[in-house]
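Just below is one structure, and these are the notes that go with it.
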Amino acid sequence: MVEIASKYDVKKIYFDPSYLFNNPEEYFENIEQILTNALAKITTQELVWVLPSFISDNEIENCMKVLNSLESKKVPISIMSDVPGINKLFNSNIYGNHTLNVWNNFCCEELSESGLNSLILSPELSYDEMKILVSKYIKKDIDLEIIAHGNLEVIVSNDDFSNLKDNKSLNMKKQDYAILEDKKRKNLSIKLYLILIIKVTS
């Protein structure tokens with residue numbers, strides 16, 4: 001996935017390989033090599049290691065060992081975390097995780113003093129709420145970002161929508177949705193709405 005992401009015009013790749021492991025011991029035994037391999041597959045992007053949420057003091061120490069080892073090998077790596085103040089422990093760029101649930105300008109102002117380089121806004125915010133937050137954000141010491149969720153499989157269905165291959169059901173010129181109709185069960189139809197991805201900058 002890192003190699004695929006590197007082909008797009010993006011500045012940073014947030015990399016969280018924790019799902020590959022069943023326990024912290026296995027994770028820390030392999031994470032340094034996985035980060036090194038991932039970095040070898042990208043071109044100009046910045047690789048950001050997403051630290052586990054609800055991380056313990058012992059796990060933070062293990063992360064420090066990994067980062068120090070990578071730094072000694074001249075391997076550039078950045079960090080994403082939901083632990084304010086963690087920047088004092090790492091000599092690298094630190095980005096705030098979306099789990100911080102930043103939802104107003106007060107959060108931004110408070111976290112701007114924690115040494116973070118950027119924050120991901122809460123995915124629960126509407127476009128208008130994000131506009132208000134950005135307009136009231138005074139210090140602007142931290143870049144603000146949003147996550148656009150784009151899972152390939154949002155819904156898995158056993159129904160037959162193979163007629164989509166001819167693009168017959170995706171005509172959105174007259175309305176903001178397309179109708180998916182099962183070939184076998186004509187009484188089954190689903191409205192598919194077009195979702196816009198909006199970029200908010202500070």
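Summary table below
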read-out: DSSP-assigned coil residues among chymotrypsin sites (Phe, Trp or Tyr not before Pro) in the stretch 45-105, each with at most 11 further Cβ atoms within 10 Å; value: PHE54
read-out: Protein-only accessible surface order, largest first, of TYR19, TYR14 at 1.4 Å; value: TYR19, TYR14
read-out: Total formal charge among the other residues, if their Cβ is under 10 angstrom from that of PRO84, Lys/Arg +1 and Asp/Glu -1; value: -3
read-out: Whole-Hz couplings from phi, Karplus 6.51/-1.76/1.60, listed for the stretch 49-57; x for Gly and Pro; value: 7, 7, 6, x, 6, 6, 6, 8, 4
read-out: Length released on extending from LYS140 to ASN104, taking residue separation times 0.36 nm less the Cα-Cα span; value: 11.6 nm
read-out: Label-to-label distance, nm, for residues given as GLU113 and VAL10 (7 Å Cα→Cβ offset); value: 3.4 nm
read-out: Pairs beyond 29 Å (Cα-Cα), from LYS7/LYS139; LYS41/LYS65; LYS11/LYS74; LYS65/LYS140; value: LYS7/LYS139; LYS65/LYS140
read-out: Förster-model FRET efficiency, 30 Å R0, ASN58 and GLU129, C-beta, rounded to 0.05; value: 0.20
read-out: Solvent-accessible area per residue, Å², over the stretch 27-147 with all protein chains present [probe radius 1.4 Å]; value: 54 Å²
read-out: Loop trypsin sites (Lys or Arg not before Pro), the stretch 47-90, which have at most 15 other Cβ atoms in a 10 Å radius of their Cβ (DSSP); value: LYS73, LYS74
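The values are calculated or read from the model by the stated rules, or taken from the named source; none is laboratory data. Owing to the predicted nature of the structure, the values given are computational and were not obtained by experimental measurement. Using ideal geometry, Cβ is built from the backbone for each residue, glycine included, and neighbour counts are taken over all protein chains shown. To get the accessible areas, we keep the full protein, side chains included, count just its heavy atoms, and leave off ligands, DNA and RNA. Shrake-Rupley method; radii C 1.70, N 1.55, O 1.52, S 1.80 Å.
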